[in-house]
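Undergrad: Pasting a structure here, questions to come.
The values are calculated or read from the model by the stated rules, or taken from the named source; none is laboratory data. Only a predicted model underlies this, so the values are computations on that prediction, with no experimental measurement involved. Note that each Cβ is placed from the backbone with ideal geometry, even for glycine, and that neighbours are counted across all protein chains shown. Just so you know, the surface numbers come from the protein's heavy atoms only, side chains and all, with ligands and any DNA or RNA stripped out. Shrake-Rupley method; radii C 1.70, N 1.55, O 1.52, S 1.80 Å.
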2 protein chains.
Amino acid sequence: MKKLPLFLLMLFSSYCFAQEKTLAERLGYSKTDKLLIIHADDIGMANSENRATIEAIRNGVVNSTSIMMPCAWSTEVGELIKDMPGLDIGVHITLTNEWHTYKYGPIASKSEVPGLVGPDGFMYKDCASVAQNASPEEVEIEMRAQIEAALKIGIRPTHLDSHMGCVFYGRPEYVASYLKLAQEYGIPAMMNQQIVDAIIKPNPSLFNEVDLEKVVLIDHTAIANPQAYDDMGMDAFYSHLLNNLQPGVTVLLNHIAYDDEEMRAITTGFSHWHAAWRQADFDFFTGEKVRQLLKDNKIHLITWKEIGNLVGNELILPQRK
Amino acid sequence: MKKLPLFLLMLFSSYCFAQEKTLAERLGYSKTDKLLIIHADDIGMANSENRATIEAIRNGVVNSTSIMMPCAWSTEVGELIKDMPGLDIGVHITLTNEWHTYKYGPIASKSEVPGLVGPDGFMYKDCASVAQNASPEEVEIEMRAQIEAALKIGIRPTHLDSHMGCVFYGRPEYVASYLKLAQEYGIPAMMNQQIVDAIIKPNPSLFNEVDLEKVVLIDHTAIANPQAYDDMGMDAFYSHLLNNLQPGVTVLLNHIAYDDEEMRAITTGFSHWHAAWRQADFDFFTGEKVRQLLKDNKIHLITWKEIGNLVGNELILPQRK
């Protein structure tokens, strides 16, 4: 693990990540190519989410996903993907349980991570409560427990990312642990320049244990938001997005499930990110139109594995027993 | 808490529970009356189970249920029964997670109850593994945590019973804790003469903290088994049962859910106690036939609350903060 003296790090931090080559070039493409990861968040959350996401990978254009290990249905994912050895699947670090009546708690023992346990005995509903209550040590313990739990059910994680962005909207130390763990396991963690500017640059000493040179920054992230859902609808939103995709690497984050009884019950009280929203995502990313849009716009699909080749090459499993 | 010297307890144990009056008589009925609790186990386990069980209580003849607090959907029950203040609902003490891909762990911190946590990080699949691994202290901690969790979501438990019977098929100390906790909270715990003979009588010293005089024994318990399901079908089994009900108090245990995607996924790999089984239970106990059978056989429906009046009268909440 590379460690720099603070003054060097501070100097370095001002131009760290400023690789000579763009990420696209490092991946073997040209600077003007449009590269896209179509990423389904939240697999493992529910049976509906699992079935729909797998279907959208098998028969749609979704080519990457990340798993919420604390949920009751995460184990099922290990079974469902047994015949998909090349699957791009990361650990969707989950620090919150936003749903009102469908509950989950941390994977680590509650006594080890009391700051991640709300008054109802489950995770807090929002990132702010996590930031207020959970120490950096607790968050690191839980992140590691989630990665280890994924390994235990046969998943070889290709990347880390963060459910509801709570790693980034929490304390700066959470980001340090997130990057440190990603490097420890030899996989990339989703990051971009805004996070570097907002969190790493003002707190360089917190990142002593991270080899910042190896952190890969995604050029663009794209995600439907409530306004897009309400005003445009998913079809129009994603069509516009793909027709206007910028050169470089974009991670398009979607949320795929069926609009069924289970998903409607889980998302009760939510007017967004709910069952109908997830079904609309499913419909778009398994339809014909998206294929045509990808073709018309000369969009190259890539996955986290190619990015992983730039950082750790192969998954390192230092924690295996 | 009444404590008797061992020799007195041993003497007492040989004729304890031998009340002068039958349970039916103590409840204000005659010795020859047929009294029945129609009890749906497993509410809280799944959304499908919750919706179907509530429907079978509201519009069928089910008149009691008990909740599996460790499951992801237990919190929903607190919401669903808000307008059912008189509902008979107990805590279905859950020490196992029998399903292959739908998982839950103990409510207590894993570090407090390591013997209840299997190698996959969830509860063991069967009672034998629990008995082998979980100390009496751990089981008592978890039982108390489950009762407290029920109170926290607004449930006033009317009774305790045991999922898969693991309290009874475990170590004798588990039964002592189960009875002790029931008395502490002022509610009855499901018990019968066989458990007294097999567990209490051979181990009287373990029951020092239990007021055995107050333990109520159910006369009969009835439950469909795999053979009944396979050979007779649920309709024939329950019809025969109700047409041949014995005088005294019977607790009829059923398992009510819809045969839907969620329940089929949860019960994957099970040829019994599965989605179709639970739908068959739903169909029978919400149909017209059961009402006619209850009437024709002059069966009186009672609930655990009436039995509770014999032991603790009112729910005592010594643990409330």
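Undergrad: Determine the total buried accessible area between chain A and chain B, counting protein heavy atoms only with a 1.4 Å probe; round to the nearest 100 Å².
TA: By this definition, chains A and B bury close to 2000 Å².
Undergrad: Given charges of +1 on the Cβ of Lys and Arg and -1 on the Cβ of Asp and Glu, with all other atoms neutral, how large is the dipole of the protein assembly as shown about its Cα centre, in debye to the nearest 20? Before the final figure, lay out the partial values.
TA: Working: 56 positive and 82 negative charges, 167 e Å.
Dipole size: approximately 800 debye.
Undergrad: Can you tally the net charge around A:GLU142? Count Lys and Arg as +1, Asp and Glu as -1, for every other residue whose Cβ sits under 12 Å from the Cβ of A:GLU142.
TA: With Lys, Arg at +1 and Asp, Glu at -1, the net is -3.
Undergrad: I'd like the mean, over residues of B:119-126, of how many other protein chain beta carbons sit within 10 Å of each residue's own Cβ.
TA: Details: counts 1, 5, 9, 2, 0, 0, 0, 0.
Mean number of neighbouring Cβ atoms from other chains: 2.
Undergrad: Region B:109-186 to region B:269-307: how many Å between their Cα centroids?
TA: Each part reduced to its Cα centre gives a spacing of 27 Å.
Undergrad: Now for a different question. For region B:56-114, with equal point scatterers placed on the C-alpha atoms only and solvent neglected, what are the log10 I(q)/I(0) values from the Debye formula at q = 0.13, 0.17, 0.21 1/Å, to two decimals?
TA: Log-scaled intensity ratios, in q order: -0.44, -0.70, -0.93.
Undergrad: How large is the convex hull of the C-alpha atoms of region B:240-279 per residue, in Å³?
TA: With only Cα atoms used, region B:240-279 gives 77 Å³ per residue.
Undergrad: Right, another one. If the viscosity is 1.567 mPa s and the temperature 4 °C, what Stokes-Einstein diffusion coefficient in µm²/s follows for region B:72-152 when Rh is the Kirkwood radius over Cα pairs?
TA: Calculated translational D: 96 µm²/s.
Undergrad: If we sort B:187-196, A:49-58 on the protection proxy, mean other Cβ atoms within 10 Å, highest first, what's the order?
TA: Details: B:187-196: 21.2, A:49-58: 23.4.
Put in order of decreasing packing, that is A:49-58, B:187-196.
Undergrad: Continuing with this model, one more query. Go through A:LYS110/B:LYS152; A:LYS103/B:LYS125; A:LYS110/B:LYS305; B:LYS21/B:LYS214 and tell me which ones have a Cα-Cα distance over 24 Å in this structure. Write out the running numbers ahead of the final one.
TA: Values: A:LYS110/B:LYS152 17 Å; A:LYS103/B:LYS125 21 Å; A:LYS110/B:LYS305 34 Å; B:LYS21/B:LYS214 14 Å.
Too far apart for the 24 Å limit: A:LYS110/B:LYS305.
Undergrad: Once the other residues with Cβ under 14 Å from the Cβ of B:LEU245 are scored (Lys, Arg +1; Asp, Glu -1), what is the net sum?
TA: Computed value for this residue: 0.
Undergrad: Amide H neighbours of A:GLY90 under 5 Å, at least 5 residues apart or on other chains, H built in the peptide plane: list them.
TA: Under 5 Å from the amide H of A:GLY90: A:THR65, A:SER66, A:ILE67, A:THR158, A:HIS159.
Undergrad: Quote the FRET efficiency, to the nearest 0.05, computed for B:ASN192 versus B:ASP120 with a Förster distance R0 of 35 Å and r equal to the Cβ-Cβ distance.
TA: 0.55
Undergrad: Cut-off under 16 Å on the C-alpha distance; same-chain residues fewer than 8 positions from A:LYS31 excluded. Which aspartates and glutamates are left, in chain and number order?
TA: Partners found: A:GLU20, A:ASP219.
Undergrad: Another question, if that's okay. Please give the net charge around B:ALA46, taking every other residue with its beta carbon less than 10 angstrom from that of B:ALA46, where Lys and Arg add +1 and Asp and Glu add -1.
TA: That works out to -4.
Undergrad: Right, something else. Going 7 Å from Cα along the Cα-Cβ axis for the label, what nanometre distances separate B:ASN243 from the same residue across the other copies?
TA: 7.0
Undergrad: Shifting gears a bit: With no solvent and one equal point scatterer per Cα, compute the Debye intensity ratio I(q)/I(0) for region A:143-295 at 0.14, 0.19 Å⁻¹ and report its log10, rounded to two decimals.
TA: -0.88, -1.23
Undergrad: Averaged over peptide B:101-111, how many Cβ atoms belonging to another chain are found within 10 Å of each residue's Cβ? Before the final figure, lay out the partial values.
TA: Numbers: counts 12, 5, 8, 4, 5, 2, 3, 4, 10, 8, 5.
For this peptide, the per-residue mean of nearby foreign Cβ atoms is 6.
Undergrad: Sort largest first and round to whole Å: the equivalent ellipsoid semi-axes of region A:248-317, each the square root of five times a Cα gyration tensor eigenvalue.
TA: 30, 20, 9
Undergrad: Where q = 0.21, 0.23, 0.29 Å⁻¹, what log10 of I(q)/I(0) comes from the Debye formula for region B:112-170, counting one point per Cα?
TA: -0.86, -0.98, -1.24
Undergrad: How high is the FRET efficiency from A:LYS31 to A:GLU79, r the C-beta distance, R0 45 Å, rounded to 0.05?
TA: Numbers: r = 42 Å, r/R0 = 0.93.
FRET efficiency, A:LYS31 to A:GLU79: 0.60.
Undergrad: Can you give the convex hull volume of the alpha carbon atoms of the protein assembly as shown per residue, in Å³?
TA: 165 Å³
Undergrad: Which of rounded, prolate, oblate describes region A:119-208, given a ≥ b ≥ c as roots of the alpha-carbon gyration tensor eigenvalues and a/c under 1.5 marking rounded, otherwise prolate only if a/b is larger than b/c?
TA: oblate
Undergrad: Separate question: Can you tell me how much longer the chain between A:ASP231 and A:LEU301 gets when fully stretched, taken as 0.36 nm per residue apart minus their C-alpha distance, in nm with one decimal?
TA: Length difference between fully extended and current span is 22.4 nm.
Undergrad: With 35 Å as the cut-off, how large is the P(r) tail for region A:23-308, expressed as percent of Cα-Cα pairs?
TA: 13 percent
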